[in-house]
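The values are calculated or read from the model by the stated rules, or taken from the named source; none is laboratory data. This one's a predicted model, so the numbers in the text were calculated from it and none came from an experiment. Using ideal geometry, Cβ is built from the backbone for each residue, glycine included, and neighbour counts are taken over all protein chains shown.
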Amino acid sequence: MSHDNSYKLLFSHPEMMVDLLKGFVKEAWVSQCDFASLEKVSGSYVSDDLRDREDDLIWRVRWGDEWIYVYLLLEFQSTVDHFMAVRILGYLGLLYQDIIRAGELKIHDKLPPVLPIVLYNGARPWQAPVNLDPLIHPAPAGLESYRPHIGYLLLDEGRYDENYLGSLKNLVAALFQLENSRTDKDIQTVIVRLIDWLKHPEQSGIRRAFTVWLNRVLLPRKAPGSQFKEFNDLNEVNTMLAETVEQWTKDWKQQGLEQGLEQGLEQGLEQGLEQGLEQGLEQGIHLGECTVLKRQLIRRFKIIPPETLVRIEQA
């Protein structure tokens, strides 16, 4: 539930919806929208049937004199819903009923257009039909005109090209990059950009939303079993990751050092103790960690000659 709520918190900010539309809806009408009018449809506005859809968000924006509604459906399930188009048909029917029930439409007014968006972050590619037609058996002649037609815009975030996402100054693209990250360094790179983009005081809300999402969703998923303190700001997350990367690098170097030294000693022992010590010492000094060198030499040879200690300290 914290996963769903954290995502909902992010997309409850107008900055996210603006970047979602501008960056990922490739339609001419988007550039004609008045994004200053963008507003989230109140939960008290919709019926209980729609309010039960806690993971979904409904926004509207002015396009000329008319409203365009954006129905954002957040999908976190591990399996693809083959009949998603049928669900969309039901949700949009409920939304239109609520708009009519609100009493804002006059007798000659028309219902507003709605853009249904399915935001999917599952590991498997989305393979379900994105419109209703393939799900309905072909109709007999004369019945075709009664066949419902509905589709939705699928944003399968795991399938976007990393270079494309990285080229955008876009909060949603940054979110997708974080979701798709493979290393601590990948996460840190995106967080540094977010810190720069969200540095103004009026952006504290969306900045906090990203921090909460990192705390409760991304970091526990990327490092299962690890314990993280509760971060209050993106700078704290960035500092933690910097320390993590630094420690990871140290661990890697130490592991490589010990392995190289051990291999050198083992190989050298076949040629004689003195030569083995010399060969192991050369490999260890090349990797440059005196403390580990001393520990490994004592483990292998019990005692380190004074001249060897001098060489280690001078390396």
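Conditions tested, residue by residue: (1) closer than 26 Å to L20 by Cα; (2) in contact with a helix residue (DSSP H, G or I) (Cβ under 6 Å, 6 or more places away or on another chain); (3) in the same structural domain as V70 (by TED's automatic domain parsing); (4) surrounded by fewer than 17 Cβ atoms within 10 Å (Cβ to Cβ).
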site: Y96; (1), (2), (3), (4): yes, no, yes, yes
site: R101; (1), (2), (3), (4): no, no, yes, yes
site: L105; (1), (2), (3), (4): no, no, yes, yes
site: W126; (1), (2), (3), (4): yes, no, yes, no
site: D133; (1), (2), (3), (4): no, no, yes, yes
site: A139; (1), (2), (3), (4): no, no, yes, yes
site: S145; (1), (2), (3), (4): no, no, yes, yes
site: G151; (1), (2), (3), (4): yes, no, yes, yes
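Could you please find all residues in segment 194-215 being surrounded by fewer than 19 Cβ atoms within 10 Å (Cβ to Cβ), part of a helix (DSSP H, G or I) and charged (D, E, K, R)? Of everything in segment 194-215, those that are surrounded by fewer than 19 Cβ atoms within 10 Å (Cβ to Cβ), part of a helix (DSSP H, G or I) and charged (D, E, K, R) turn out to be D196, E202, R208. Of all residues in segment 172-185, those being modelled with pLDDT under 90 and assigned to a helix (DSSP H, G or I) number 2.
Quick grid of which residues meet (1) of a type outside the set (S, T, Y); (2) at pLDDT 95 or above:
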residue	(1), (2)
I107	yes, no
V130	yes, yes
Y146	no, no
T189	no, no
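Against the criterion of being farther than 14 Å from L171 by Cβ, polar (S, T, N, Q) and at pLDDT below 90, S37 does not qualify.
I'd like to know if segment 41-57 contains one or more residues that are under 27 Å from G166 (Cβ atoms), at pLDDT below 95, exposed (fewer than 15 other Cβ atoms within 10 Å of the Cβ) and not β-branched (V, I, T). Within segment 41-57 (the criterion being under 27 Å from G166 (Cβ atoms), at pLDDT below 95, exposed (fewer than 15 other Cβ atoms within 10 Å of the Cβ) and not β-branched (V, I, T)), the answer is no, since none of the residues qualifies.
Residues of segment 153-171 being loosely packed, with under 11 Cβ neighbours inside 10 Å and in a loop (DSSP other than H, G, I, E, B), which ones? Let's see the steps before the verdict.
The initial filter retains those residues of segment 153-171 that are loosely packed, with under 11 Cβ neighbours inside 10 Å, namely 161, 163, 167.
D161, S167, listed by residue number.
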